[in-house]
1. Limited to the range 95-121, what total is found for residues that are within 16 Å of the ligand (Cβ to nearest atom) and closer than 16 Å to residue 44 by Cα?
2. Enumerate the pairs (first residue in the range 2-21 and over 30 Å from residue 83 (Cα atoms); second residue anywhere and at pLDDT 95 or above and assigned to a loop (DSSP other than H, G, I, E, B)) with beta-carbon separation below 7 Å, excluding pairs fewer than 6 apart on the same chain, so at least 6 apart or on different chains.
3. Go through (1) without any contact (Cβ under 8 Å) to a residue 40 or more places away in the chain; (2) surrounded by fewer than 19 Cβ atoms within 10 Å (Cβ to Cβ) and name the single condition residue 30 misses.
4. Mind checking which residues of the range 107-133 are under 23 Å from residue 167 (Cβ atoms) and not in a loop (DSSP other than H, G, I, E, B)?
5. Quick one: is residue 92 within 16 Å of the ligand (Cβ to nearest atom), touching a helix residue (DSSP H, G or I) at 6+ places or on another chain (Cβ under 8 Å), more than 25 Å from residue 65 (Cβ to Cβ) and outside any loop (DSSP other than H, G, I, E, B)?
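The values are calculated or read from the model by the stated rules, or taken from the named source; none is laboratory data. Computed from a prediction, not measured in an experiment: that's the story for all the values here. Here the Cβ is made from the backbone with ideal geometry for all residues, glycine too, and neighbour counts use every protein chain on show.
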Ligand SMILES: Cc1cc2nc3c(=O)[nH]c(=O)nc-3n(C[C@H](O)[C@H](O)[C@H](O)COP(=O)(O)O)c2cc1C
């Protein structure tokens, strides 16, 4: 039977919400994934760095920029044993400096995605998907990477409508 995996990266702690910094317990991308989990049957996996970025926003920004420039592949807390059973992977991540966080590249490079369908979902504060779909296609040759869904991170809690349309357009709902 067709199975779906929701794999996501999300950072809680301090973030920027419409002009003000605020500490949050659940990151924007995770909020969107929690809504999605109520809409479709899917397993989920959180991509977590062994040494997470700083809870302080301005420090995190710099750390992530350093990793992007270095093309770093940060070590992850864990990986799924296998992704063989999934034919569709919803890959959800925040836009970091115009692409996916480097930890998402670590995740992607750990598996062979050929023959699978990947649905990218990117939360952001204005840059949309950035170059992430292109980078995803490069990282996963042989996968069918569909056009992504961009969600405004600070409005993540309101994403159900656009999620429903996106999942339905891609045959998951
Ligand atoms: C390191 C870092 C880099 C970011 N770069 C961008 C960017 O280039 N464009 C953009 O629109 N938003 C950018 N943002 C905002 C995040 O994409 C947005 O807040 C996202 O919803 C955070 O998701 P999360 O709470 O699940 O981690 C950046 C945030 C961080 C922490």
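1. 4
2. 14/55; 14/56; 16/125
3. Here residue 30 meets the rest and fails (2).
4. 107, 108, 117, 118, 119, 120, 121, 122, 123, 124, 132, 133
5. Details: within 16 Å of the ligand (Cβ to nearest atom): yes; touching a helix residue (DSSP H, G or I) at 6+ places or on another chain (Cβ under 8 Å): yes; more than 25 Å from residue 65 (Cβ to Cβ): no; outside any loop (DSSP other than H, G, I, E, B): yes.
No, not satisfied.
Residue by residue, here is whether (1) within 13 Å of the ligand (Cβ to nearest atom); (2) in contact with a strand residue (DSSP E or B) (Cβ under 6 Å, 6 or more places away or on another chain) holds:
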residue	(1), (2)
5	no, yes
21	yes, yes
29	yes, yes
39	no, no
42	no, yes
60	yes, no
65	yes, no
75	no, no
85	no, no
